Every structure is written in structure tokens, then in C-alpha cells.
Amino acid sequence: MGRPFKQVVRRGMNQTNPLPEWTDDLSVNVEIIDEDHQAFFRLAALMSDVTSTPDNDQPYLIETSINILEEYIEGHFLREQKAMAKADYAYLVEHIAAHDAFADRVTRIIQDYRQTGSIEKIGTLAHLVTDWLNNHIRVVDAQYKGILTNANVDDRPLVYMAAGLDTELVS
Ligand code: FEO
């Protein structure tokens, strides 16, 4: 089924991309969470690149990137929410509501793409991911700085979190 996804990722990373990129001032001082956030930016860049490369592989690449995005969202949000719950974080409910609202917006765009086949929707999705993250990290995630730390956040890979293998947090 076309070129391996890794080949296209490497190709995509070498192209000029208009989307905002990760910058150090977005750090929340928790390594694994910063890594999650950076992964979202890289994935959005790939999605944007794929939309501008119409070929036989495009539907496969879009579907693969959508699946990865869904996994990242589930895994990253779960990582933060479980750590915040364990820390008795005061703004947990509001933070979960922000996550849920974003996940709902992403789901609606994906459903729209799957119903219409509109490649533009995937470009919209890439911009939504970077724009939302930029704001969410600075305004909402920033509030747990100093409360969530390298010591109290589960640092297992996103795939474990998304697969429901997060049976306990590192304490
Ligand atoms: Fe890093 Fe609250 O998402």
C-alpha cells in the first residue's frame, strides 16, 4: 500500500512548513509532557505536508496521521489528567473540560473529512492542532507548572497511555 509512512515523515520534515513550531518558551518543565507537545507539532506539520502532496498514497497517509493524532490526544490528555488527579490539582475539572472540547472539535473535523473526502479539512485540522496547543499550553497547561513535575508524571510512551496500559502512575 504505497510508500512506508516513515519515508513520508522524513520527506515532510525536510519541506518548508507554514505552521508554527515548538519553541522553548512552551516548556512546562516536565520532560515527557514537553515531548508529547512537540510530537503534536511534528504531526501537524506532517498532516499539512500530506495535504499538499496529492498522489496515490495521500488517502493512506491522511488516514494514518488521523489515527496517530487520535492516539496522541487520548494518551496525552490521559497522562496529564491522571497526574493532575493524583496531585489533587485545583483546576482539574476545568482542564478536563478544555481537553474534551478540543477532542470534540477534532472528532467533528475527522468525521467531516471521512464523509466528504475534503483534503482541506485535514489542513484545517493541522492548523487547529497547532493553534489550540499554542494557546492551551501557554494559558491552561502553564497553570500546573511546579505542581506536575518529572517525578510525579507517568513517563511511559504515549502508545501505552492510549492503549489503557496506564495502570499506575510513577510516584
Ligand atoms: Fe498538554 Fe492540557 O494538554
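Gaussian network model of the chain, Cα springs within a sub-10 Å range: biggest mean-square fluctuation belongs to which of Thr124, Thr53, Thr107?
For the chain, modelled as a Gaussian network with Cα springs under 10 Å, the answer is Thr53.
Mean Kyte-Doolittle of at least -1.0 and a Cα length of 24 Å or more along the axis: which whole DSSP H helices of the chain meet both? Can you show the working numbers first?
Values: long enough: 31-51 (30 Å, 0.17); 58-86 (42 Å, -0.41); 92-116 (36 Å, -0.32); 119-139 (30 Å, 0.17).
The qualifying helices are 31-51, 58-86, 92-116, 119-139.
Please give the FRET efficiency for Asp100 paired with Ile147, using the beta carbon to beta carbon distance and R0 = 22 Å, rounded to the nearest 0.05. Could the numbers behind the result be given before it?
Details: r = 21 Å, r/R0 = 0.94.
Efficiency for this residue pair is about 0.60.
What is the mean projected area of the alpha carbon convex hull for the chain, to one decimal in square nanometres?
Working: hull surface 39.8 nm².
For the chain, averaging the hull's shadow over all directions gives 10.0 nm².
Among Val28, Val159, Val50, which one moves the most in a GNM of the chain with springs linking Cα atoms closer than 10 Å?
Val159
Among Pro59, Pro18, Pro157, which one moves the most in a GNM of the chain with springs linking Cα atoms closer than 10 Å?
Taking springs between Cα atoms under 10 Å, the residue moving most is Pro18.
Need one number: nm distance between label points at Ala87 and Thr124, each 7 Å from Cα along Cα→Cβ, rounded to one decimal.
The two pseudo-label positions are separated by 3.5 nm.
Just so you know, all these numbers are worked out from the coordinates, no wet-lab data involved. Note that the structure is a prediction, hence the values are computed from the model and not measured. Note: ideal-geometry Cβ built from the backbone for every residue, glycine included; neighbour counts use all protein chains shown.
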